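What follows is a short report on a single structure.
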């Protein structure tokens with residue numbers, strides 16, 4: 001009998017449907033200051049996920065500044081505006097609860113995000129079991145070099 005040990009130990013890829021049908025593994029990073037002038041490279045803060053996301057959400061708690069969100073540094077800082085904006089928080093909402101700028105749940109498979117412009121951002125995500133390297137292109141991670149990402 002042939003020894004096929006390990007022959008079926010394949011890592012899931014981006015098209016692995018099962019990875020997106022189950023709930024994501026929780027991940028969060030809070031109180032990110034993307035305006036820190038000492039940070040390199042200038043232009044933003046890179047949020048690196050330990051695996052590919054099933055979904056993510058950006059909360060902007062800065063009451064004065066909107067937050068830009070991009071999928072690459074070039075998308076954030078390049079000549080084309082390949083980012084979206086999460087409005088600033090208003091500080092107080094209904095029933096005395098804080099009101100934050102909220103991207104809503106965005107169902108995209110990414111391994112990094114770039115944020116800029118706000119000094120108080122939370123990022124929450126549901127992670128798949130897909131290794132982050134699966135979103136790497138010749139230009140970098142998370143679809144860098146792709147149309148609309150840059």
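The values are calculated or read from the model by the stated rules, or taken from the named source; none is laboratory data. What you see is a predicted model, and the numbers here were worked out from it, not measured in a lab. Methodologically, a virtual Cβ is constructed for each residue, glycine included, from the backbone with ideal geometry; neighbour enumeration extends over all protein chains shown.
Residue-level check: of (1) surrounded by 21 or more Cβ atoms within 10 Å (Cβ to Cβ); (2) modelled with pLDDT under 90; (3) over 16 Å from the mean Cα position of the chain (by Cα), residue 100 misses just (2). Mind listing whichever residues of the stretch 95-104 are assigned to a loop (DSSP other than H, G, I, E, B) and either free of Cβ contacts under 8 Å to residues at least 24 places away in the same chain or under 19 Å from residue 82 (Cα atoms) (or both)? Passing the criteria: 97, 99, 103, 104. Summed over the stretch 1-44, residues that are assigned to a helix (DSSP H, G or I), in contact with a strand residue (DSSP E or B) (Cβ under 7 Å, 6 or more places away or on another chain) and modelled with pLDDT of 70 or more total 1. If the condition is being part of a loop (DSSP other than H, G, I, E, B), at negative phi and surrounded by 19 or more Cβ atoms within 10 Å (Cβ to Cβ), then the stretch 110-138 contributes 110, 111, 118, 120.
Selection of the stretch 54-88 for residues being surrounded by 23 or more Cβ atoms within 10 Å (Cβ to Cβ) and assigned to a helix (DSSP H, G or I) yields 75, 76.
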